[in-house]
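Below is one structure, written out as structure tokens, with a few remarks after it.
The values are calculated or read from the model by the stated rules, or taken from the named source; none is laboratory data. Remember, predicted model here, so these are calculated numbers, not experimental data.
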Amino acid sequence: MEHSMERNEEIDFPKFNVKKMERFIKKDLFAAKLFEGLKSGTKEKQLEAVFNSCVLSDSHMTNSYESA
């Protein structure tokens, strides 16, 4: 009988935090430019949109965000 080599590891995604995101966009020019370009929604929603677009999709940005 063969055993599957599948691993069921949970991925620990960073959690959105307004204060941390505000610090992050001060350090990251790309994220800051994205934030500046957003015109609709509240500031919190704009920050969350940048978080979803940048931080969750790029491991380097995830690391930078975590250290913000």
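Give, as residue ranges, the helices (runs of 4 or more DSSP H) completely inside the range 23-68 that count at least 3 residues that are modelled with pLDDT under 95.
Working: elements: 29-37, 43-50, 59-66.
Hits in the range 23-68: 59-66.
Looking only at the range 30-62, count how many residues are among the hydrophobic types (A, V, I, L, M, F, W, C) and under 8 Å from the mean Cα position of the chain (by Cα). It would help to see each step written out before you state the result.
In the first step, residues of the range 30-62 are kept if they are among the hydrophobic types (A, V, I, L, M, F, W, C); the result is 30-32, 34-35, 38, 47, 49-51, 54-56, 61.
Retained after the next criterion (residues that are under 8 Å from the mean Cα position of the chain (by Cα)): 50-51, 54-56, 61.
Within the range 30-62, residues that are among the hydrophobic types (A, V, I, L, M, F, W, C) and under 8 Å from the mean Cα position of the chain (by Cα) number 6.
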